[in-house]
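These notes are about the structure you will find just below.
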Amino acid sequence: MPRGEQPHIWSVTELNSAVRDLLEGTLVSVWVGGEVGNLTLHRSGHAYMTLKDANSQIKAVYFGGASVCAKMQIREGSKVEVTGRVSCYLPRGEYQINIRSLRPLGVGDLQRQFEELKRKLAAEGLFDESRKKPLPFLPTRIGVVTSPEGAALQDFLKISLARFPMLTIRIYPSPVQGKGAELQIAEGVRYFNRRRNVDVIVVTRGGGSLEDLWPFNEEVVGRAIAESRIPVVSGVGHEVDFTIADFAADLRAPTPSGAAELIVPEKAAIDDLLSTQKGRILAAISLYYERAKRNLDTLINAEPLRKPAFFVMEKSQQVDLLVKDMEHSLQIAAANSEQRLVRTEEKLQTISPFAILNRGYSMIFGPDGRTPLTDPAQAPAGELLTGRLAKGTLKLRSEGTEQD
């Protein structure tokens with residue numbers, strides 16, 4: 001600073017503002033992991049906390065995040081990962097993280113594992129729609145793989161039996177969270193396939209964190225469901241939760257209660273349907289009966305049945321008329337044929353060589369009596385010949401020939 005020049009005196013607010021600008025301009029967005037301390041879920045809807053590790057801590061505020069923290073059951077001592085911007089709270093000159101999103105520590109790794117397994121199994125075709133098996137319209141035997149102490153089972157039983165009380169529900173007890181739970185869940189699916197004693201299998205549990213639901217994201221569970229010969233319904237967690245079991249199953253239900261509603265039709269609705277169908281069948285039978293009765297009445301009242309003798313006489317008269325018509329037709333045909341024959345004979349007579357004999361001509365035949373002679377050379381002297389006249393024949397003997 002030049003000698004004699006007065007230094008610029010910053011106000012506290014100016015300094016804090018400059019620090020805030022510097023922080024917000026340098027660290028645009030960061031991920032920070034740590035343990036939650038001093039957690040306050042304020043009635044304003046904001047969540048205030050301290051993030052700390054073994055050596056340091058930083059204040060954090062999650063605007064509008066109080067309900068999120070409550071739903072995720074975040075409490076002091078929880079390990080979390082947050083993303084947000086580093087800023088400065090001017091009134092106190094304290095730098096802090098303004099949180100945009102929050103998740104339990106390790107969820108990022110689990111999510112990556114989930115996506116990798118999902119891609120792997122999808123590439124093998126385990127999630128293809130062509131593999132999905134249809135559910136029976138009314139399953140009477142349902143197998144449930146779940147924890148017998150869980151609320152999910154009670155919800156499923158309550159709704160299923162209320163909708164259709166005559167159900168048989170078999171339960172395969174299995175842990176639904178924690179290490180090794182995935183092996184028991186997969187074995188439950190295989191158990192029902194071996195026994196073949198149910199019409200549909202339900203794999204279910206209530207809501208929870210990603211870690212709680214993780215057994216349903218294990219490969220062994222996905223493959224057991226995909227390989228099942230019995231249709232499998234997955235009802236895991238809440239509506240927003242998706243697991244590998246959901247993708248591998250033949251049908252995904254949003255909740256355990258939703259699974260019961262999707263699988264089991266209401267008995268009252270079935271009764272109404274049966275009643276409607278019964279009414280339609282009876283109406284169809286009645287209509288068929290009335291038509292058949294009308295047809296029978298028509299036959300009974302028909303003229304041939306009421307007066308059979310008259311019917312026979314009438315048909316006999318019709319036959320006589322037909323015979324008469326046939327005879328007349330034959331007579332006309334015979335007359336026409338006779339006329340054609342006469343005309344043909346007249347034509348033949350006109351062109352017949354014998355008609356010429358009537359005009360004074362004769363025909364000379366050779367010694368065989370059949371060959372007509374056309375040349376005198378055919379009748380040498382002494383040959384016995386036959387002459388044909390109009391009214392008979394003559395025996396002639398040749399005395400020789402004369403040349404014209």
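The values are calculated or read from the model by the stated rules, or taken from the named source; none is laboratory data. Keep in mind that this is a model prediction, so the values were computed, not measured. For neighbour counting, all protein chains shown are included, and Cβ atoms are generated from backbone atoms with ideal geometry for every residue, glycine included. Side chains are part of the model used for accessible areas, which takes the heavy atoms of the whole protein and leaves out ligands, DNA and RNA. Shrake-Rupley method; radii C 1.70, N 1.55, O 1.52, S 1.80 Å.
Checked against (1) among the charged types (D, E, K, R); (2) surrounded by 21 or more Cβ atoms within 10 Å (Cβ to Cβ); (3) closer than 17 Å to residue 253 by Cα, residue 182 meets all criteria but (3).
Under the condition of being modelled with pLDDT of 95 or more and among the aliphatic types (A, V, I, L, M), which residue from region 199-225 is farthest from residue 134 (Cα to Cα)? Here the residue is 220. Pairing each residue of region 241-257 that is under 21 Å from residue 157 (Cβ atoms) with any residue that is part of a loop (DSSP other than H, G, I, E, B) and of a type in the set (Phe, Trp, Tyr), provided the two are 6+ apart or on different chains, yields C-beta distances under 9 Å for 252/242. Which one of these is among the charged types (D, E, K, R) and touching a residue at least 12 places away in the same chain (Cβ under 8 Å): 346, 383? Of the residues listed, the single one that is among the charged types (D, E, K, R) and touching a residue at least 12 places away in the same chain (Cβ under 8 Å) is 383. When region 65-107 is filtered for residues that are within 20 Å of residue 33 (Cβ to Cβ), touching a Gly at 6+ places or on another chain (Cβ under 9 Å) and part of a helix (DSSP H, G or I), nothing remains. Being closer than 27 Å to residue 186 by Cβ, in a helix (DSSP H, G or I) and either open to solvent by 10 Å² or more (accessible area, probe 1.4 Å) or of a type outside the set (D, E, K, R) (or both), is that true of even one residue in region 130-146? Yes, there is a match, as at least one residue in region 130-146 is closer than 27 Å to residue 186 by Cβ, in a helix (DSSP H, G or I) and either open to solvent by 10 Å² or more (accessible area, probe 1.4 Å) or of a type outside the set (D, E, K, R) (or both).
A quick yes/no check of all residues on (1) in contact with a strand residue (DSSP E or B) (Cβ under 6 Å, 6 or more places away or on another chain); (2) open to solvent by less than 60 Å² (accessible area, probe 1.4 Å):
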| position | (1), (2) |
| --- | --- |
| 76 | yes, no |
| 84 | yes, yes |
| 92 | no, no |
| 101 | yes, yes |
| 120 | no, no |
| 127 | no, yes |
| 149 | no, no |
| 161 | no, no |
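With respect to (1) open to solvent by less than 70 Å² (accessible area, probe 1.4 Å); (2) farther than 26 Å from residue 146 by Cβ; (3) at pLDDT below 75, the lone exception for residue 267 is condition (2).
If you go through region 27-46 and keep only what is open to solvent by less than 70 Å² (accessible area, probe 1.4 Å) and free of Cβ contacts under 8 Å to residues at least 24 places away in the same chain, you end up with 40, 44, 45, 46. Answer with yes or no whether residue 113 is outside any loop (DSSP other than H, G, I, E, B), farther than 30 Å from residue 20 by Cα and of a type outside the set (D, E, K, R). Criteria met by residue 113.
Scanning region 194-208 for residues that are within 20 Å of residue 258 (Cβ to Cβ) and open to solvent by less than 40 Å² (accessible area, probe 1.4 Å) gives 198, 200, 201, 202, 203, 204, 205, 206, 207, 208. Scanning region 214-239 for residues that are under 19 Å from residue 142 (Cα atoms), open to solvent by 10 Å² or more (accessible area, probe 1.4 Å) and assigned to a helix (DSSP H, G or I) turns up 226, 227.
Considering only region 52-63, I want to know if a residue exists there that is open to solvent by less than 70 Å² (accessible area, probe 1.4 Å) and within 21 Å of residue 109 (Cα to Cα). No.
Just to be sure before I move on: is residue 170 without any contact (Cβ under 8 Å) to a residue 40 or more places away in the chain and assigned to a strand (DSSP E or B) in the structure I sent? Considered against the rule, which asks whether it is without any contact (Cβ under 8 Å) to a residue 40 or more places away in the chain and assigned to a strand (DSSP E or B), residue 170 comes out as yes. Summed over region 67-90, the residues that are touching a Ser or Thr at 6+ places or on another chain (Cβ under 8 Å) and under 13 Å from residue 103 (Cα atoms) give a count of 5.
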